[in-house]
1. Look through THR52, THR45 and report the one residue that is within 14 Å of the chain's Cα centre (by Cα) and farther than 13 Å from LEU8 by Cα.
2. Mind checking which pairs have a first residue in the stretch 47-76 that is without any contact (Cβ under 8 Å) to a residue 60 or more places away in the chain and a second that is part of a helix (DSSP H, G or I) and of a type in the set (Lys, Arg), Cβ under 9 Å, 6 or more apart or different chains?
3. Test of understanding: among GLU92, GLU83, GLU77, which residue is over 26 Å from ARG19 (Cα atoms) and either modelled with pLDDT of 90 or more or in contact with a Cys (Cβ under 7 Å, 6 or more places away or on another chain) (or both)?
4. Go through the stretch 7-31 and give me each residue that's in contact with a Gly (Cβ under 7 Å, 6 or more places away or on another chain) and surrounded by 19 or more Cβ atoms within 10 Å (Cβ to Cβ).
5. Out of curiosity, is VAL71 modelled with pLDDT of 85 or more, among the β-branched types (Val, Ile, Thr) and surrounded by fewer than 16 Cβ atoms within 10 Å (Cβ to Cβ)?
6. Taking the stretch 32-55 on its own, how many of its residues are aliphatic (A, V, I, L, M) and surrounded by fewer than 15 Cβ atoms within 10 Å (Cβ to Cβ)?
7. Hand me the list of strands (runs of 3 or more DSSP E) wholly inside the stretch 22-91 holding 1 or more residues that are under 16 Å from ASP1 (Cα atoms).
8. State whether one or more residues within the stretch 58-67 are within 12 Å of the chain's Cα centre (by Cα) and surrounded by fewer than 19 Cβ atoms within 10 Å (Cβ to Cβ).
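The values are calculated or read from the model by the stated rules, or taken from the named source; none is laboratory data. All figures in this text were calculated on a predicted structure; none of them were measured in a lab. FYI the Cβ positions are ideal-geometry reconstructions off the backbone, even for glycines, and counts take in every protein chain you see.
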Amino acid sequence: DSTTKEALIIDPVIETAERDAKLIQQLGLKLRYAVNTHVHADHVTGSGKLKTLLPGCKSVLSNQSGAKADVYVEDGELITIGESGKTPVVIECRATPGHTNGKNKIEKH
């Protein structure tokens, strides 16, 4: 969100977490969520690393994933960053089962 400088990242991977954190800091952004579309070790460890590097970041996973997260989402649930009433960024988590338990796709509104 350009007003609040809140941001989210989708499917972060451990190999680029430090680079991503530096870029987020250089841009003056506040990483609010690390959203994982599915549970693979590289993504969930990437989220964990970003949470360590950027306090205040919360991990997001499907409630059907069977894995640990700070925030669990259900099919069709919206995630919003930014100030409501202005121009917030809104994404929708849609269940797309098959690849892994709790697989989601993300749609920007």
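1. Criteria check complete, one pass: THR45.
2. Pairs that qualify, where the first residue is without any contact (Cβ under 8 Å) to a residue 60 or more places away in the chain and the partner is part of a helix (DSSP H, G or I) and of a type in the set (Lys, Arg), are LEU53/LYS22; CYS57/LYS51; LYS58/LYS51; SER59/LYS51; ASP70/LYS51.
3. Sole residue among the options that is over 26 Å from ARG19 (Cα atoms) and either modelled with pLDDT of 90 or more or in contact with a Cys (Cβ under 7 Å, 6 or more places away or on another chain) (or both): GLU77.
4. Answer for the stretch 7-31, where residues must be in contact with a Gly (Cβ under 7 Å, 6 or more places away or on another chain) and surrounded by 19 or more Cβ atoms within 10 Å (Cβ to Cβ): PRO12, ALA17.
5. Details: modelled with pLDDT of 85 or more: yes; among the β-branched types (Val, Ile, Thr): yes; surrounded by fewer than 16 Cβ atoms within 10 Å (Cβ to Cβ): yes.
Yes, satisfied.
6. Restricting attention to the stretch 32-55, the residues satisfying the condition of being aliphatic (A, V, I, L, M) are 34-35, 39, 41, 44, 50, 53-54.
Okay, now just the ones that are also surrounded by fewer than 15 Cβ atoms within 10 Å (Cβ to Cβ), so 41.
Result for the stretch 32-55: 1.
7. Passing ranges, in order: 30-35, 77-81.
8. Of all residues in the stretch 58-67, those within 12 Å of the chain's Cα centre (by Cα) come to 58-62.
Filter again for surrounded by fewer than 19 Cβ atoms within 10 Å (Cβ to Cβ), leaving 58.
Yes, the stretch 58-67 contains a residue that is within 12 Å of the chain's Cα centre (by Cα) and surrounded by fewer than 19 Cβ atoms within 10 Å (Cβ to Cβ).
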